[in-house]
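The values are calculated or read from the model by the stated rules, or taken from the named source; none is laboratory data. These numbers come from a predicted model, not from an experiment. Neighbour counts run over all protein chains shown; Cβ positions are idealised from the backbone, glycine included. Just the protein is used for accessible areas: all its heavy atoms, side chains included, with ligands, DNA and RNA removed. Shrake-Rupley method; radii C 1.70, N 1.55, O 1.52, S 1.80 Å.
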Amino acid sequence: SQQGEEDPQALSIQEGENATMNCSYKTSINNLQWYRQNSGRGLVHLILIRSNEREKHSGRLRVTLDTSKKSSSLLITASRAADTASYFCATDETNNNDMRFGAGTRLTVKP
Amino acid sequence: DSGVTQTPKHLITATGQRVTLRCSPRSGDLSVYWYQQSLDQGLQFLIQYYNGEERAKGNILERFSAQQFPDLHSELNLSSLELGDSALYFCASSSSGATGELFFGEGSRLTVL
């Protein structure tokens, strides 16, 4: 079964706007990761945030983690058409050795 | 290029048949994960191997099996194929058994007719 659930399922914005995607999960985690997938391609790792971290930045990406609410958000600032892709959160559960992915948010950035 | 190689890239077969998907992890990576992605869906975790041993099992059907060989490459065997098995099958690798960053291959697209 999937662990994370992203929302919204789809998001369409104009170039230059910010995009925010959310992820909720159900169990205790060691870390949470965000990945990007261009249509039909392999996933690419974007950022990892550990359970004892609350916020992390990488370039135009900002990730927050609220373990009390079991939720995370990914913010992409100043979006570009090239950011068009699906974005997935993945959780490393405390009691499992696997990585569970959510259903993803499909982001479309219009030029 | 993630360094993870999956073959074949595309595969078309008939119901009832058996196929084998192959994955070569990044050099030095000991963990291999297999995922199934149906059309426009999320990734379903199938199975994980670490240094030749099964480490975790997800939603893998009994018709499916996998193994990791001493040279660390892995194979996913799908048998008695059904139409619903049509999907992208991804392999990912990581350097350790504890889950950090996963490096994904480009996937094997299986079409069952």
Worksheet item: Of all the strands (runs of 3 or more DSSP E) wholly in chain A, which have at least 3 residues that are loosely packed, with under 12 Cβ neighbours inside 10 Å, among the basic types (Lys, Arg) and at the interface with chain B (Cβ under 9 Å from one of its Cβ atoms)?
Response: none
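The rows are residues; the columns are (1) in contact (Cβ under 8 Å) with a residue 24 or more places away in the chain; (2) hydrophobic (A, V, I, L, M, F, W, C).
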{"residue": "A:25", "(1), (2)": "yes, no"}
{"residue": "A:33", "(1), (2)": "yes, no"}
{"residue": "A:58", "(1), (2)": "no, no"}
{"residue": "A:74", "(1), (2)": "yes, yes"}
{"residue": "A:92", "(1), (2)": "yes, no"}
{"residue": "A:95", "(1), (2)": "yes, no"}
{"residue": "A:100", "(1), (2)": "yes, no"}
{"residue": "A:108", "(1), (2)": "yes, no"}
Fill in: Qualifying residue in the range B:78-96 (condition: out of contact with any strand residue (DSSP E or B) (no Cβ under 6 Å at 6 or more places or on another chain), open to solvent by 30 Å² or more (accessible area, probe 1.4 Å) and in a strand (DSSP E or B))
no
Discussion item. Among (1) polar (S, T, N, Q); (2) surrounded by 13 or more Cβ atoms within 10 Å (Cβ to Cβ); (3) within 23 Å of residue A:35 (Cβ to Cβ), there is one condition residue B:27 misses while meeting the rest; what is its number?
Written reply: (2)
Worksheet item: What number of residues in the range B:40-53 are open to solvent by 10 Å² or more (accessible area, probe 1.4 Å) and either more than 10 Å from chain A (Cβ to nearest Cβ) or within 11 Å of the chain's Cα centre (by Cα) (or both)?
Response: 5
Discussion item. Looking at B:106, B:101 in this structure, which one is modelled with pLDDT under 95, assigned to a loop (DSSP other than H, G, I, E, B) and within 10 Å of chain A (Cβ to nearest Cβ)?
Written reply: B:101
Worksheet item: Do any strands (runs of 3 or more DSSP E) lying entirely in the range B:1-52 carry at least 3 residues that are free of Cβ contacts under 8 Å to residues at least 24 places away in the same chain and touching a strand residue (DSSP E or B) at 6+ places or on another chain (Cβ under 8 Å), and which ones are they?
Response: B:43-50
Worksheet item: If you check A:80, A:100, which single one turns out to be closer than 26 Å to residue B:109 by Cα and either out of contact with any Ser or Thr (no Cβ under 8 Å at 6 or more places or on another chain) or at pLDDT below 95 (or both)?
Response: A:100
